[in-house]
1. Give me the pairs, please: first residue somewhere in the stretch 78-104 and basic (K, R), second residue anywhere and not in a helix (DSSP H, G or I), beta-carbon distance under 7 Å, and either six or more positions apart or on two chains.
2. Considering the stretch 105-121 alone, what residues qualify as being open to solvent by 100 Å² or more (accessible area, probe 1.4 Å) and more than 15 Å from the chain's Cα centre (by Cα)?
3. Is it the case, given these coordinates, that Y4 is assigned to a loop (DSSP other than H, G, I, E, B) and on the phi < 0 side of the Ramachandran plot?
4. What number of residues in the stretch 31-45 are surrounded by fewer than 17 Cβ atoms within 10 Å (Cβ to Cβ) and of a type in the set (V, I, T)?
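The values are calculated or read from the model by the stated rules, or taken from the named source; none is laboratory data. Just so we're clear, the structure is a prediction, and the values are computed from it rather than from any experiment. Glycine gets a Cβ as well: all are built from the backbone with ideal geometry, and neighbour counts include every protein chain shown. For accessibility, only protein heavy atoms count, side chains too; no ligands or nucleic acids. Shrake-Rupley method; radii C 1.70, N 1.55, O 1.52, S 1.80 Å.
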Amino acid sequence: PNSYGSWKAYGQSKLANILFTRELAERLNKISAPVSVNVLHPGVVSTDLQRYLIPEENSVVKRIMESMKDKLLVDARKGAGTQVFLATSPEVKGISGVYFDNCKNSEALTSAESRDANEAHRLWAESVKLVGLPQNYNEVAQMS
């Protein structure tokens, strides 16, 4: 079935984030760019995103989730912790293309699909095409 599912779409977007970051890291490494890029899971942060993931018709689940919100979700400050760590910590200097969770290298938690270099490359090529960059963008970017 080709029906839309909010959780499936969310999962696919997270997979795309990981694949894209890995490909970007690989490309930056090839041109010896002094930049690190990593991907992270901020935790289950208390935002309005949940309202899009649980359909309105499932109000029982919504009520249960709302009642457990304080136990299940972290606030935005705690959710930003890994981002701040990756941007500022000397511990991660030179580390690139890695998945982090709770300020730790969490590669072991990633799926085989998220480590597929061919899929990462395919996603990159499709992204270049979708945003209207020239097909030789990759070579042009390496020359600058």
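1. Listed pairs, sorted by first residue: K78/G43.
2. Within the stretch 105-121, A108, N118 meet the criteria.
3. Taking the combined requirement at face value, the residue satisfies it.
4. Of the residues in that region, 4 qualify.
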